[in-house]
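Comments concern the structure below.
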Amino acid sequence: MTNPQEPVARQVLAGAQMLFVAFGALVLMPLITGMDPNVALFTAGLGTLLFQLVTRRQVPVFLASSFAFIAPIIAAKGEFGLPAVLGGVVAAGLVYVLLGFAVRLRGPAFIDRLLPPVVIAPVIISIGLALSPVAANMAMGKAGDGSAQLVPYATAMMISMPALVTTLLVAVLGKGLFRLVPILAGVSVGYGLSLAFGVVDTDAIAAAPWLAMPNFVAPEFHLGAILFMVPVALAPAIEHIGGVVAIGSVTGNNYIKQPGLHRTLLGDGLATSAAGLFGGPPNTTYAEVTGAVMLTKNYNPKIMTWAAIFAIVLAFIGKFGAGLLSIPVPVMGGILCLLFGSIAVVGLSTLIRHQVDLSEARNLIIVSVTLVFGIGGMAFGQGEFSLSGISLCALVALLLNVLLPGGEGWRNKQLNDSV
């Protein structure tokens, strides 16, 4: 399906296009969590190249910032600091690596038995709904935790709501590639309004150098932060499998068999751990880029190499990073009202699509307890041995699935058919 003789100029242009599609979500995640967006660009490029190396450049996917980790990163950063969070990111990447080895030994169906939809769906729902107050606070001009009013309420609403409406309209009414960049469109409108209302600090942009080293941060390994991060890796692991199956259906190739799910999980894990080593957010496969591959019908994995190179080059442009950091809180808040809700809907869709019977006591217990623990912020333990929120609910869902009787009848048909 690929064309190895495709002109290099066309590959370069297609690579730039793929980065453009991924760009909005790629930089929004580090901006929300207080990470450096230039580092996120660098680690997205590096992670994609590592993934291509492990998978022998057979799968046309782009890896970048994962929204599933926002809540635990924010919580762990406030308690342990950014270096400790990055140690947790490295450990989360190792979870993928271990899952990859397990799949290598026992086959892809192992993942289905360990993490069926009744486990993953409520965790995904919890991730989206637990973050909803952050989106609402930012849309109203407050800090994510509501502790301070950063932009006057009236001004913030006149920025955040048009940004949200623009994102909605582009997602629903957009045509072609334009439909794949609703976040970028919303940010552009919101940023333009922010300039008009005078809430953008342009001094930092003017003072920033054109070329600058990204603000790399070395990780520190702290057990408490690792316990925050590692359980959350379960949901993106299933997202990864879905992404690999999706791109395979687009290109007509079975990537579960060749290069193999164990290789794609290993590549994603190494990409995430590498991101943690440099100070970036965890990586995941991007559905937006899969959509762009389907639309353009350009299945050549080499275009992702060029997208990765462009991301790494942009990471060293100081003024570009300063411009990203100048995006006001209401702009991000308006768009997050859609994005965080969308995460929860993905979880609901997982329950519906796989026809999980919630009248069955076992399923009802797993979903109910997971949602309350995740959204309610339940905490177990104290100090560095504490677990709370999304991390706790992911672990509880996994344990309930293993310990409660029943459940043997469930098999993921899509995954088994791919074996």
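Every number in this text was worked out from the coordinates using simple rules, so none of it is lab data. Owing to the predicted nature of the structure, the values given are computational and were not obtained by experimental measurement. Positions of Cβ are generated from backbone atoms using ideal geometry, with glycine treated the same way; all protein chains shown enter the neighbour counts.
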**Report entry** Correct choice for Cα Rg over 2.2 N^0.38 Å that was computed from the model, options (i) 0.94; (ii) 1.00; (iii) 1.08
**Finding:** (i)
Query raised in the report: Among 79, 239, 360, which one shows the biggest mean-square fluctuation in a GNM of the chain, springs joining Cα atoms closer than 10 Å?
Result: 360
**Report entry** Kirkwood Rh (inverse of mean 1/r, distinct Cα pairs), segment 279-329, angstrom
**Finding:** 13.3 Å
Report summary line: The set of residues whose placed amide H lies less than 5 Å from the amide H of residue 63, leaving out same-chain residues fewer than 5 positions away, is 48
**Report entry** By average C-beta atoms within 10 angstrom, highest first, the peptides 336-345, 180-189
**Finding:** 180-189, 336-345
Requested in this report: Taking the dipole about the Cα centre of the chain, with the C-beta of Lys and Arg at +1 and of Asp and Glu at -1, give me whichever of 94, 249, 199 is farthest to the positive side.
Outcome: 249
Query raised in the report: Around residue 378, which amide H atoms from residues at least 5 apart in sequence, or from another chain, sit under 5 Å from its own amide H, with H modelled in the peptide plane?
Result: 389
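Let me know the number of lysine pairs in the chain closer than 23 Å at the Cα, not counting same-chain pairs under 8 apart.
For the chain, qualifying lysine pairs total 5.
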Report summary line: the chain, Gaussian network, Cα under 10 Å: of 273, 388, 126, the residue fluctuating most is 388
Report task. Considering only 355, 11, 58, give the residue with the highest GNM mean-square fluctuation for the chain, with springs between Cα atoms whenever their separation is below 10 Å. Result -> 355
Query raised in the report: P(r) tail for segment 55-191, what percent of Cα pairs lie past 19 Å?
Result: 70 percent
Report task. Give me the distance in nm between label points sitting 7 Å out from Cα along the Cα-to-Cβ direction at residue 353 and residue 403, one decimal. Result -> 3.0 nm
**Report entry** Lys, Arg +1 and Asp, Glu -1 on Cβ, resulting dipole of the chain about Cα centre, debye, nearest 20
**Finding:** 1080 debye
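With each run of n ≥ 4 DSSP H residues scored as -39500 (n - 2.57), what mean residue ellipticity at 222 nm is computed for the chain after dividing by its residue count and rounding to the nearest 500 deg cm²/dmol? Please list the in-between numbers first.
Numbers: 20 runs with 287 residues, N = 419.
Here the helix-only value at 222 nm equals -22000 deg cm²/dmol.
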**Report entry** Among 133, 40, 224 the positive-end extreme of the charge dipole of the chain (Cβ point charges)
**Finding:** 40
Requested in this report: Kindly identify segment 203-289 as rounded, prolate or oblate by the Cα gyration tensor criterion: order the square roots of the eigenvalues as a ≥ b ≥ c, call it rounded if a/c is under 1.5, otherwise compare a/b with b/c, prolate if a/b is larger, else oblate.
Outcome: oblate
